[in-house]
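Each reported figure results from applying straightforward, stated rules to the coordinates on display, with no laboratory input. Everything quoted here is computed from the prediction, not taken from an experiment. Cβ coordinates were reconstructed from backbone atoms using ideal geometry, including for glycine residues, and neighbour counts include every protein chain displayed.
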Amino acid sequence: MDRFSQLEFGETKPKGKRGQGGEPVRDADYFGREALRYWLAGDFELALRNYSRALEKNSMVFDAWVGQVLMLIELGEYREAMVWTDKALELFPEHPELLAVKAVAFCRDAKFEEAIAYSDNSISKENITWRVWLARAEVLLKQKRSVAENCISKAVSIGGNMMPVVKLESARLLMERRSYSAAMGYLNDVVQALPKSALAWYELGLCQSALGLPEARATLEQSLELRPHWEMAKAALRKCGRGGLFSRLFKG
Amino acid sequence: MRCPRCEFENMPGQTKCFKCGSVLEGPKEINVHPPRMAGWKRPIRSVRRWIRGTTGIPNLKIEIPTPGKRTFKCFGGLILSIVPGLAHLLDRRFKEIRWYFLAWLILLLGSLFLYATTTGLLLAGLAVGLHTWIAVHHTVIRELKEFGPRLFAMIFLMILIGILYWSVQRVFLADITTGYTTLTIPYYNVESGDCLLARYSHAQEHPLPRGSLTLARMRSVGVYQGRAREVGGFGPPMIVQIIGLPGEKLEIIEGTFFIDGQLLDTERYPVPQWLRTREISVKIPEDSYFVSTEYNVDRRGRGLDERTILAACLIRSEDISARAFMRWLPVGKRGFLE
């Protein structure tokens, strides 16, 4: 079953198992889907809580462990992410994805030697996934190595049914490197696949704003419509209207 | 028992997968709630991350030492080090720091000798630095081996000792202040630009004796459209000389002061330049003094009217804050006024 077929956004009725009375069964799968939904809405805190609840239901759900670590990274809590990866590695020893997300945590915490070591370790395992390639790309991007783009392409090529998420993550990485044109190509695909993801619209808006495109405002407003009162989107919208230092200087 | 990760069929009773090592059954009590970062740590970590990212120092660790035996030992040594060298003296290790102690003593005395000057302030700062060095030399340097904690301890201690010096100065020299004068009075061997030491407590008596050099707030006098005017606000405190006491009649005739018709000694009560161009006669109100000070007025005071002069020279007793007792700077003229 396609993973995104079970995603619910607002008015759409949640799919998945249903109990008596038509209410969805609140099992690990349900909370996993909720967490993904919140992540795609850019609400990392709620996504983290839902991953925890998924693990409360079933502590052996690997995606929930990885999701927790990723949300901690998104929230800027890198040390906690490392601690939690170690905890997950006790249950899933030498898992390449866990090693990869630990490399990302190290990389974001500006500990590049450790990041490279963990990334090397993760890439040397068998059956590596798109997440491992993206982690590799992130570590290499920090070192300003052009081979990072090959890693992103590799990740996208093996994305499978997670393609929209892979593209979204790839675009975010490319934006870090200021490759806005390439990022926008991916983000246009993402918003078509996930039209109700506030995070995708927000990233696309940022990308368009960086390129000076006039539709940036409408895109950011779209993300605000999907997730009202989102401070980051509001700030981006304000910045979008204001323009840069030079544009303000020479504005008539 | 099938492994959830690699699908390998394991023997019953196995806790971990024989093939991939994954845990086959989740422990009964497994904590699934990740640790969270305290909000106050966020800016600290950001700064450290920025330092790591920009300097390339891989593992910069500036950790606050956790309380323990070592910390308490350090702490005890630091408390004793409020008196520089005391901790070393008690440990019979004074010889280790005797030169530092001597240098600290010289700097401290030097800063006191040049009190109220920028050189004195610099020497006091150096004394704080040496005091800190003596303090950390006792236990901190020995106990803390890493650069980060050592640096943190030194900076922290230097701030504490700096506050201590400031507090000591505020407590022990609370009654003393300094002020500069624009007057030249041959009797007191005082010239314009000299710095005098004054005591707040000596200004409490009323009325103050004639001729006293006091620290007072003076009204500003400005020149507007060629005529001097009292501006109205108070300038910074300065040393002035009390000439007329409350209730007396003061006159300035031909460049000399007269009090109730009696001529005052010009050596002891010189008339400032800006008051010599005019003849003034005034009855000093109660609770006020007529004081003498030099003003930089263009054209030697021409254009000054009597009202402006009186507004500048008649001051209320509450505007006098301290009474000078010592010539302080220049050092060559240092001595008591009487």
request  = Answer with one residue from B:Leu90, B:Gly247, B:Ser212: the one whose Cα lies farthest towards the positive end of the charge dipole of chain B, charges on Cβ with Lys, Arg +1 and Asp, Glu -1.
outcome  = B:Leu90
ask   = Can you list, largest first and rounded to whole Å, the semi-axes you get for chain A by taking the square root of 5 times each eigenvalue of its Cα gyration tensor?
value = 29, 25, 16
inquiry  = List the GluC sites (Glu not before Pro) within segment B:241-297 that DSSP assigns to loop and that have no more than 13 neighbouring Cβ atoms inside 10 Å.
reply    = B:Glu254, B:Glu267, B:Glu279, B:Glu286
request  = Can you tell me how much longer the chain between A:Asn58 and A:Asn121 gets when fully stretched, taken as 0.36 nm per residue apart minus their C-alpha distance, in nm with one decimal?
outcome  = 19.9 nm
note = At R0 = 45 Å the Cβ-Cβ FRET efficiency linking B:Arg199 and B:Ile141, nearest 0.05, sits at 0.60
note = Between the residues B:Ala124, A:Gly67, B:Ile259, the Cα farthest towards the positive end of the dipole of the protein assembly as shown, that dipole coming from +1 and -1 charges on the beta-carbon of Lys, Arg, Asp and Glu, is from A:Gly67
Extended-chain gain in nm, criterion 0.36 nm per residue less alpha-carbon gap, B:Asp175 and B:Ile280 = 34.2 nm
ask   = So for the pair B:Met11, B:Asp305, with labels modelled 7 Å out along Cα→Cβ, what separation do we get in nm?
value = 11.7
request  = Of the listed pairs A:Lys167/B:Lys19; A:Lys144/A:Lys196; A:Lys111/A:Lys144; A:Lys102/A:Lys142, which have alpha-carbon separations greater than 23 Å here?
outcome  = A:Lys167/B:Lys19; A:Lys144/A:Lys196
query = For the residues A:Cys207, B:Cys3, what sequence is obtained by ranking on other C-beta atoms within 10 Å, fewest first?
reply = B:Cys3, A:Cys207
query = Once both axes come from the Cα atoms, what is the angle between helix B:41-55 and the longest principal axis of chain B, in degrees from 0 to 90, rounded to 10?
reply = 90
request  = Return, ordered by residue number, the residues of segment A:161-181 whose backbone nitrogen is under 15 Å from a label point located 7 Å along Cα→Cβ of A:Glu215.
outcome  = A:181
task = With runs of 4+ DSSP H residues as the only contributors, calculate the mean residue ellipticity of the protein assembly as shown at 222 nm using -39,500 (n - 2.57) per run, divided by the residue total and rounded to the nearest 500.
result = -15000 deg cm²/dmol
note = Long-range amide H partners of B:Phe257, meaning residues 5 or more apart or on another chain whose placed amide H is closer than 5 Å, are B:Leu264
key: segment B:132-174: chymotrypsin sites (Phe, Trp or Tyr not before Pro) falling in loop per DSSP and having at most 15 other Cβ within 10 Å   = none
query = Based on the Cβ-Cβ distance from B:Ile163 to B:Asp265, what FRET efficiency comes out when R0 is 51 Å, to the nearest 0.05?
reply = 0.55
key: Loop trypsin sites (Lys or Arg not before Pro), segment B:104-210 (other Cβ atoms within 10 Å of the site Cβ: 15 or fewer; DSSP)   = B:Lys145
request  = Provide a whole-number value for the mean count of partner chain Cβ atoms within 10 Å of the Cβ atoms in peptide A:51-62.
outcome  = 4
inquiry  = On C-alpha positions alone, give me the angle between the axis of helix B:147-172 and the longest principal axis of chain B, in degrees, nearest 10.
reply    = 30
